Amino acid sequence: MGIVPVGYAMFAMALGITAGALLRRTLPAIAITLAGFIAVRAVIFSWVRPHLIAAVTTYIPLKSGFTPVGAYWQLAAGYVGADGRPISIPQSTNGQVLGTAVGEIPVSSLPAQCQALAGGGNARRLSPAARDAVLSCAQAHHIRAFLTYQPAGRYWAFQGIETGLFVLLAAALIAVTFAVVSRRDA
């Protein structure tokens, strides 16, 4: 986890001090601190962290594979059409992909010529040669795969940014506490 737990600890402590100063009740302050800490961590983890540094997006021809050098944090993967928009992949209620020709490309997203090559759209019934023909057709119509990721070399940058964010939040909470206590004593 690197240095981020230091920021977490400072934020949690500052949140507890602020909640205690505002509420003047121990148990409610503890409950607010716990709930607030979990909520802020969840928001940072889910919505802020993936966008701290612009991710790398690589477009890959359908008939070739791509794996980034070294370790990486995958944010998204899929297919884009000739217009550059992502192709949505329909799924059933149990999470299985529906109506795909090859891989996870929906038959309905393929150009008419490629749909004809795909037949009924059941990838299990396609021979390897037919599957290759559908891939070649889709690639000729500028359908590509993409991978959006954060390289492992950015680990310490993420650590520093997230730690700084939590230290700033802690400083803001301490400032609020100072203002509340100063006003109360005056």
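The values are calculated or read from the model by the stated rules, or taken from the named source; none is laboratory data. This one's a predicted model, so the numbers in the text were calculated from it and none came from an experiment. So basically every Cβ, Gly included, is an ideal-geometry build from the backbone, and we count neighbours across all protein chains shown. These accessible areas exclude ligands, DNA and RNA; they are computed on the full protein's heavy atoms, side chains included. Shrake-Rupley method; radii C 1.70, N 1.55, O 1.52, S 1.80 Å.
Converting phi to 3J(HN,Hα) with the Karplus coefficients 6.51, -1.76 and 1.60 and the offset θ = phi - 60°, the stretch 81-88 yields x, 4, 7, x, 8, x, 8, 6 Hz in sequence order, with x at every glycine or proline.
Out of ALA171, ALA129, ALA55, any idea which swings most in a Gaussian network model of the chain, alpha carbons joined below 10 Å? Sorting by GNM fluctuation, first place goes to ALA129. Taking the Cα centre of the chain as reference, the dipole from Cβ charges on Lys and Arg (+1) and Asp and Glu (-1) amounts to some 260 debye.
Using θ = phi - 60° in the Karplus curve 6.51 cos²θ - 1.76 cosθ + 1.60, the 3J(HN,Hα) couplings for the stretch 163-168 round to 4, x, 4, 5, 5, 5 Hz; x is entered for Gly and Pro.
Shown for the stretch 1-52: the carbon plus sulfur share of the solvent-accessible area, taken with all protein chains present and a 1.4 angstrom probe, equals 77%. On full extension, the segment bounded by THR58 and ALA112 gains 16.8 nm, given 0.36 nm per residue less the C-alpha separation.
Between the residues GLY160, VAL48, PRO5, the greatest Cα displacement towards the positive end of the dipole of the chain, with unit charges on the Cβ of Lys, Arg, Asp and Glu, is found for PRO5.
Accessible area per residue for the chain, computed on protein heavy atoms with a 1.4 Å probe, is 60 Å². How far is helix 4-23 tilted, in degrees, relative to the longest principal axis of the Cα atoms in the chain, given as a value from 0 to 90 rounded to the nearest 10? Helix 4-23 and the main axis of the chain meet at about 50 degrees.
Placing unit charges on the Cβ atoms of the charged side chains and taking the dipole of the chain about its Cα centre, the candidate lying farthest along the positive direction among GLY84, GLN150, ALA31 is ALA31. Projected over all directions and averaged, the alpha-carbon convex hull of the chain occupies 15.2 nm². Multiplying the residue separation of ARG49 and ALA130 by 0.36 nm and removing their Cα-Cα distance gives an extension gain of 24.9 nm.
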